[in-house]
1. Suppose we filter Gly121, Gly169 for residues that are farther than 26 Å from Glu44 by Cα and not charged (D, E, K, R); which single one remains?
2. With respect to Val14, determine if the residue is modelled with pLDDT of 95 or more, in a strand (DSSP E or B) and within 18 Å of Val188 (Cβ to Cβ).
3. Condition check: surrounded by 23 or more Cβ atoms within 10 Å (Cβ to Cβ) and touching a strand residue (DSSP E or B) at 6+ places or on another chain (Cβ under 7 Å). Does Ile99 satisfy that?
4. Just a yes or no: is a residue in segment 46-63 small (Gly, Ala, Ser), in a strand (DSSP E or B) and touching a residue at least 12 places away in the same chain (Cβ under 8 Å)?
5. Among the numbered criteria (1) closer than 19 Å to Pro69 by Cα; (2) at pLDDT below 95, which one does His129 miss?
6. Return the residues of segment 55-65 that are surrounded by 13 or more Cβ atoms within 10 Å (Cβ to Cβ) and either in contact with an Asp or Glu (Cβ under 9 Å, 6 or more places away or on another chain) or more than 24 Å from His105 (Cα to Cα) (or both); say none if nothing qualifies.
7. Which condition from (1) out of contact with any strand residue (DSSP E or B) (no Cβ under 7 Å at 6 or more places or on another chain); (2) surrounded by fewer than 22 Cβ atoms within 10 Å (Cβ to Cβ) is the one that Ala191 breaks?
Amino acid sequence: MPINPSFPYPLYLVISEAQCLHLPWLQVAEEAILGGVDIIQLREKNLPVKDFLTKAQALKKICDKYGIPLVINDVLSVAVDVDAWAVHVGQSDTAPLDIIDLYGHRFKIGWSFETLTQMQGANFDVVDHLGVSPIFKTATKTDTINEWGIAGMQQLATTISKPLIAIGGLHQGNVEDVWKSGANSIAVVSAICHSKDPRNAAANLKALLQCVK
């Protein structure tokens with residue numbers, strides 16, 4: 001799949017401290033960047049806002065050091081305080097239209113896309129990119145209602161012009177097929193965070209995407 005110029009970030013890391021099993025989470029983030037990660041989303045669903053902000057500030061320093069965009073999951077106040085590049089919201093979070101009402105176009109807006117019915121309405125129209133979730137069922141995120149699979153990804157790629165970020169159960173064994181099916185970005189959690197060598201894990205994933213024409 002060619003790189004989409006409006007979302008030129010083929011390898012997307014979603015990180016939380018709890019998912020980093022072998023190394024400190026900030027070390028995982030930096031090693032992943034050195035291995036080829038293009039963009040990072042901080043996802044901490046159960047932290048108090050103050051603690052989330054502290055983590056986001058630390059990660060923002062690393063992202064800024066390497067020129068990597070930072071995406072904040074859900075918590076708009078944290079995104080504002082760290083001057084994040086984007087926010088990512090799910091279907092039960094703040095609606096994209098409400099984000100624009102509050103902050104204008106300060107952030108790029110990513111939106112979890114779980115069913116075709118979500119194409120209907122103004123929220124779909126205003127988001128910048130879509131997190132197609134999940135491609136395959138995963139223990140990382142259990143509150144989803146659909147599994148797109150390769151065929152679903154292919155269908156979306158032929159009907160939607162917005163950048164499509166594939167997420168859910170992705171690893172070295174399947175990212176090539178998902179990339180070929182039309183994803184503009186491959187988002188991973190455990191494939192990097194669970195690794196004892198996140199730099200090498202990221203490099204191997206990135207190499208797989210670069211070899212697909």
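The values are calculated or read from the model by the stated rules, or taken from the named source; none is laboratory data. Remember, it's a predicted structure, so these values are computed and weren't measured experimentally. Every residue, glycine as well, gets a Cβ built from its backbone with ideal geometry; the counts of neighbours run over all protein chains shown.
1. Every option except Gly121 fails the conditions.
2. On the way: modelled with pLDDT of 95 or more: yes; in a strand (DSSP E or B): yes; within 18 Å of Val188 (Cβ to Cβ): yes.
Considered against the rule, which asks whether it is modelled with pLDDT of 95 or more, in a strand (DSSP E or B) and within 18 Å of Val188 (Cβ to Cβ), Val14 comes out as yes.
3. So Ile99 fits the description; yes.
4. no
5. For His129, the exception is condition (2).
6. Lys55, Ala56, Ala58, Lys60, Ile62
7. So Ala191 meets the others, but not (2).
Residue-by-condition table, conditions (1) under 17 Å from the mean Cα position of the chain (by Cα); (2) modelled with pLDDT of 90 or more:
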| site | (1), (2) |
| --- | --- |
| Gly110 | yes, yes |
| Leu116 | no, no |
| Gly121 | no, no |
| Thr140 | yes, no |
| Thr144 | yes, no |
| Ile150 | no, yes |
| Ile160 | no, yes |
| Ile165 | yes, yes |
| Gly168 | yes, yes |
